[in-house]
Amino acid sequence: AVTFTVSAAAELKERLSAKLKRAAEKITAGTFHSICYGFLKDEFALADRAFCLRTAEETVREYGVNMAPRKFLNAVSAHKNGRKADCARAVEAYTEKLRSAGLLDFDDLIAEALARGVGDKRFTNLLVDEFQDISDLQYRLVRQWNQGGQSLFVIGDPDQAIYGFRGADADCFARLLGQKPDAQVMRLTRNY
């Protein structure tokens, strides 16, 4: 079960535990990032915000990027989520500095999981919450995780997509239907 926020993932786990008791321990439930980090934590650590800011400040200075370190980190995030940055060389240098320290930033988790084949982890049944907010990388991860699986259940509302600034694409529903034309669509037309 995959969702977007830590609090939603915690609630999911709590509900699963209440219903399934010990069987809930066998279910992977979390955010995209936490699940990927679980696969990668033996090889990488997650860089903390202070380290990222120091590295951004150093990179901005080295590459003459006319941007405050926090703004640069926003550009790094946008670049890693599919929006090409004008300072792409500086983004690559920043990423390399993290990697040489054995660290990943938050935005590296999904790409690194896919690149290292961690995305080859398969789930028999996969539920994705807030599907309208997934990025292209997250979409590819969902498709890999579901390859050969018994079921894929995605929940979302394309009219409520809020993460376009992070690379989300509400057209993911149409894309999924194009790849799985036999998928059943259930529309909830009443609001309770």
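The values are calculated or read from the model by the stated rules, or taken from the named source; none is laboratory data. Every value quoted in this text rests on a predicted model; they were computed, and no experiment measured them. Every residue, glycine among them, receives a Cβ derived from its backbone with ideal geometry; neighbour counts consider all protein chains shown. With ligands, DNA and RNA removed, areas are computed over all heavy atoms of the protein, side chains included. Shrake-Rupley method; radii C 1.70, N 1.55, O 1.52, S 1.80 Å.
Taking the residues in region 100-129 that are open to solvent by 70 Å² or more (accessible area, probe 1.4 Å) and touching a residue at least 40 places away in the same chain (Cβ under 8 Å) as candidates, determine which candidate is farthest from G82 (Cα to Cα).
K121
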Can you confirm whether region 100-123 contains a residue that is within 23 Å of A45 (Cα to Cα) and of a type in the set (S, T, N, Q)?
-> yes
Tell me which residues, restricted to region 13-28, are open to solvent by 100 Å² or more (accessible area, probe 1.4 Å) and over 14 Å from A1 (Cα atoms).
-> K19, K21, R22
For region 51-69, how many residues are over 16 Å from R99 (Cβ atoms) and open to solvent by less than 50 Å² (accessible area, probe 1.4 Å)?
-> 4
Among (1) in a loop (DSSP other than H, G, I, E, B); (2) open to solvent by less than 80 Å² (accessible area, probe 1.4 Å), which single condition is A75 missing?
-> (1)
Residues (at pLDDT below 80 and outside any helix (DSSP H, G or I)) located in region 155-192 | A161, I162, Y163, G167, A168, D169, A170, N191, Y192
Scanning for something in a helix (DSSP H, G or I), modelled with pLDDT of 90 or more and under 28 Å from R89 (Cα atoms), does region 14-24 turn up at least one residue?
-> no
For region 25-40 the number of residues that are touching a residue at least 12 places away in the same chain (Cβ under 8 Å) and either touching a Pro at 6+ places or on another chain (Cβ under 8 Å) or in a helix (DSSP H, G or I) (or both) is 8
